[in-house]
Amino acid sequence: MHTKGRLKIGSASPIGTRDMLSSEVAPGSDGLLKIVRPQGPQLTASEIIRDRREEFAADLHQHGALLFRGFGTAGPDDFNEAVRAFSGDLLEYSHRSTPRTRLEGGIYTSTEYPPDQVIPLHNELSWTHTAPRYLWFCCLEPARRDGATPIADTRKILRLLPDGLKDKFARHGILYVRNYYPDMDLPWQEVFNTDSKAEVEAYCAQQGMEWEWVGDDHLRTRQLCHAVVKNPQTQELSWFNQAHLFHHTRVGAEGAASLMAMFGKDNLPRNTYLGNGEDITDEDLAAIRAAYDQALYRFPWEAGDMLLVDNLSCAHARDTYEGPRRVIVAMTDSVDCRAIRTEETR
């Protein structure tokens with residue numbers, strides 16, 4: 001990193017950084033998003049994050065998301081330095097559910113779905129036992145129109161859900177069933193980043209996931225996971241799963257009917273059930289989606305923005321957009337959800 005002409009930040013710095021930043025809770029975010037801005041051109045994001053990491057971590061755990069704005073992040077290298085200043089090593093995107101491209105190290109493109117498709121609110125890899133604790137986004141180029149990354153407080157979502165629903169889901173958990181086909185959704189080779197069936201089986205066994213080779217290139221997996229987790233720092237409870245997003249009705253009634261006619265219930269590319277094997281009712285799915293909608297907060301991207309979210313407390317999404325849009329992502333600090341799963345809901 002070139003530091004000529006920049007103030008050196010660190011424990012030996014004769015000048016503190018407190019007066020070199022401004023911060024505010026984003027209006028309308030209900031306390032979820034705190035915006036941090038530099039007060040002088042001499043600061044880089046990596047310098048200020050390294051110097052004030054503990055303070056930012058405390059803010060992140062309290063609010064759920066931090067937006068670093070105005071630091072002039074120009075590309076993947078600047079972004080990588082800022083992420084490492086907070087978290088150290090970056091995680092590999094394994095056990096994939098969406099298409100992405102690795103740019104360098106642990107820096108990836110955001111989900112590469114067509115711009116006319118909405119990605120609903122969700123927590124990253126919350127449908128697995130091992131999820132990233134922190135999730136970073138960097139907007140290198142905002143879309144010409146729309147293209148926001150909405151966020152939502154999953155602690156609030158849990159509070160919004162009917163007591164009977166959240167108690168039932170917390171008690172039973174979520175069963176995720178996936179069928180991997182060569183030409184539908186993601187093939188198993190891309191999901192598990194290997195061409196070896198033996199490596200897939202070893203990973204599934206390590207994750208406590210059932211697997212079955214239905215055909216030569218048709219894999220089916222079943223995994224029972226949490227619905228509610230407890231934040232190890234704050235002891236707060238969060239709705240932390242993708243029951244609504246993996247359910248086949250996510251594509252709408254007409255699309256769901258087409259999938260059912262094409263594959264049949266057992267062979268749907270993705271579907272979710274209560275952990276006891278019961279179907280998730282339309283009423284429960286409607287209540288879950290309504291809670292996400294009620295908690296949603298949207299802000300417009302600016303070039304160079306970096307968004308850091310506590311993945312246990314903050315869900316994210318993607319709006320449709322027009323024109324070029326470049327948002328890159330990184331994940332850090334793996335957490336074993338089996339250790340924080342809870343049947344508590346209040």
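Of all the options T194, T111, T149, the one that moves most in a Gaussian network model of the chain with Cα springs shorter than 10 angstrom is T194.
Restricted to Cα atoms, segment 177-296 shows a radius of gyration and a Dmax of 16.1, 47 angstrom.
Can you work out the accessible area per residue across segment 203-284, with the rest of the protein chains kept in place, probe 1.4 Å, in square angstrom?
Details: 3800 Å² over 82 residues.
With all protein chains present, segment 203-284 gives 46 Å² per residue.
For the chain, the longest principal axis of the Cα atoms and the long axis of helix 76-87 meet at an angle of about 90 degrees.
Quotient of the Cα radius of gyration of segment 30-148 and 2.2 N^0.38 Å, N being its number of residues: 1.12.
Using a probe of 1.4 angstrom, how much of the accessible area of segment 185-300 is carbon and sulfur, in percent? Show your work: numbers first, answer last.
Values: 2690 of 5500 Å².
Here it works out to 49 percent.
Note on the chain: the C-alpha convex hull projects to 18.0 nm² when averaged across all orientations. Pairs exceeding a 22 Å alpha-carbon distance, out of K168/K230; K156/K230; K34/K166: K34/K166.
Per the Kirkwood formula applied to alpha carbons, segment 103-256 shows a radius of gyration over Rh ratio, Rg over Rh, of 0.97. Here segment 92-185 was treated as a single set of alpha-carbon atoms; its pair distances binned every 10 Å from 0 give 10, 37, 35, 16, 2 percent.
The residues D185, D282, D305, D167, sorted by heavy-atom accessible surface at 1.4 Å with ligands and nucleic acids left out, run D282, D185, D167, D305 from largest to smallest.
Backbone phi angles across segment 204-220, fed through the Karplus curve with coefficients 6.51, -1.76 and 1.60 (θ = phi - 60°), yield HN-Hα couplings of 4, 5, 5, 8, x, 10, 6, 9, 8, 8, 6, x, 4, 10, 10, 9, 10 Hz in residue order; Gly and Pro are listed as x. Taking 7 Å steps out from each Cα toward its Cβ at A303 and T234 produces label points 3.4 nm apart. When the helices of the chain are scored as -39500 (n - 2.57) per DSSP H run of n ≥ 4 and the total is divided over every residue, the value at 222 nm lands at -7500 deg cm²/dmol.
The values are calculated or read from the model by the stated rules, or taken from the named source; none is laboratory data. Quick caveat, the model's predicted, so the values are computed rather than measured. All Cβ positions, glycine included, derive from the backbone under ideal geometry; neighbour counts span all protein chains shown. The protein model used for the area step is the full one, side chains on, heavy atoms only, and it has no ligands, DNA or RNA in it. Shrake-Rupley method; radii C 1.70, N 1.55, O 1.52, S 1.80 Å.
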